[in-house]
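Everything on this sheet refers to the single structure shown next.
The values are calculated or read from the model by the stated rules, or taken from the named source; none is laboratory data. Being a predicted model, the structure only gives us computed values, none of them experimental. Note that we place each Cβ from the backbone using ideal geometry, even for glycine, and neighbour counts take in every protein chain shown.
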Amino acid sequence: MGKRYIDIPDFPSLPAPVYFRYAEFGPDRHAAAHCHPWGSLDYVSHGVIHYEVAGRRFMSPSRYALWIPPNTVHSSHNAQAIVYRSVYLAEEHCRDLPAEASTLAISDILKSILNDFARRDVKIPATPADVRLAQVLVDQLHQARVCDCYLPYSDDQALLRVLEGLQQDPADNRPLAQWAAQLHVSERTLARLFVRELGVSFGEWRQRLRFIGALQALETSRGVQEIAFDLGYSTASAFIAMFQRQAGCSPEQYRRQARTA
């Protein structure tokens, strides 16, 4: 069976300076490489989507969104079902936003407006109240913290062996010292390489990988304890604490919200 592609809106011009798009995509969906003359903020309220943007890899888990500037080639793939939100911005709203694709930490206000508009299927704000909400959303977007990339990657051969090894087995609990010994470098050298190349520590990168794995696993019927052990946690409580920090809710709350969505 060939790839299942997502239909990409093909506007002759953007219908409004701020335009909203909502969709639910089934598992194993692809968006072919494309670009458009407007910027877009892509947010997945449930699930995880993988992007290729101008040769870089991005993921957009819950509480983060991907900013794609105008005229930037991008494609995407989601392995499991997702609930998708997107905001298209005319160029005049993009001038003070990052010139390169970036992961943004979205505020609760921004998230609430997105979810409210999606619930009411507001694509083009028309009432005075909705126009004001759209302006608040744009203001919040300009104030959003830039994270560059939630799960950064590197072409460094030493780092690549560690990153690919962890992706193949997120439950691998080997400490950094053992990875360093396998690569014939010191633990301090490898720790510095993580921070210099990825901007995060080894422990933070592995935790983010496990969080993404947890989001995907929670879309299935597997129990929380089973998911925790599969991701390398010795207790379900340790896993729940990590998830709470990352998602702002417990795994079961996230699962219930996903079912409601």
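A few notes on this one:
- Identity of the residue in segment 213-259, of a type in the set (Val, Ile, Thr) and either outside the structural domain of Arg174 (by TED's automatic domain parsing) or at pLDDT 90 or above (or both), that ends up farthest from Tyr150 (Cα to Cα): Thr235
- Filtering Leu89, Leu14 for residues that are in contact with a Leu (Cβ under 8 Å, 6 or more places away or on another chain) and either over 30 Å from Gln244 (Cβ atoms) or touching a residue at least 12 places away in the same chain (Cβ under 8 Å) (or both) leaves a single hit, Leu89.
- For segment 75-84, the condition of being without any contact (Cβ under 8 Å) to a residue 60 or more places away in the chain, surrounded by fewer than 18 Cβ atoms within 10 Å (Cβ to Cβ) and not assigned by TED's automatic domain parsing to the domain that holds Phe211 holds for at least one residue.
- Boolean, Glu204 is free of Cβ contacts under 8 Å to residues at least 60 places away in the same chain and closer than 26 Å to Ser60 by Cβ: yes
- One residue from Pro70, Pro98, Pro27, Pro17 being more than 14 Å from the chain's Cα centre (by Cα) and closer than 21 Å to Ile212 by Cβ: Pro27
- Residue among Gln168, Gln207 that alone is within 23 Å of Leu66 (Cβ to Cβ) and in the same structural domain as Phe229 (by TED's automatic domain parsing): Gln207
- Selection count where residues are more than 26 Å from Phe194 (Cα to Cα) and in a helix (DSSP H, G or I), scope segment 241-261: 10
- Of all residues making up segment 145-161, the number that are out of contact with any helix residue (DSSP H, G or I) (no Cβ under 7 Å at 6 or more places or on another chain) and surrounded by 14 or more Cβ atoms within 10 Å (Cβ to Cβ): 3
- Val122 being assigned by TED's automatic domain parsing to the domain that holds Arg95 and aliphatic (A, V, I, L, M): yes
Quick grid of which residues meet (1) in contact (Cβ under 8 Å) with a residue 40 or more places away in the chain; (2) out of contact with any Leu (no Cβ under 8 Å at 6 or more places or on another chain); (3) over 23 Å from Gly213 (Cβ atoms); (4) surrounded by 13 or more Cβ atoms within 10 Å (Cβ to Cβ):
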| residue | (1), (2), (3), (4) |
| --- | --- |
| Thr127 | no, yes, yes, no |
| Asp130 | no, yes, yes, yes |
| Asp139 | no, yes, yes, no |
| Leu163 | yes, yes, no, yes |
| Leu166 | yes, no, no, yes |
| Ala171 | yes, no, no, yes |
| Arg174 | no, yes, no, yes |
| His184 | no, yes, yes, no |
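- Looking across segment 109-125, the residues that are surrounded by fewer than 16 Cβ atoms within 10 Å (Cβ to Cβ) and part of a helix (DSSP H, G or I) come down to Ile109, Ser112, Asp116, Arg119.
- In segment 244-261, the residues that are closer than 21 Å to Asn173 by Cβ and either surrounded by fewer than 18 Cβ atoms within 10 Å (Cβ to Cβ) or polar (S, T, N, Q) (or both): Gln244, Arg245, Gln246
- Qualifying residue in segment 236-243 (condition: within 19 Å of the chain's Cα centre (by Cα) and buried (at least 20 other Cβ atoms within 10 Å of the Cβ)): yes
- Residues that are in contact (Cβ under 8 Å) with a residue 40 or more places away in the chain, surrounded by fewer than 19 Cβ atoms within 10 Å (Cβ to Cβ) and outside any loop (DSSP other than H, G, I, E, B) within segment 95-108 comprise just one, Ala105.
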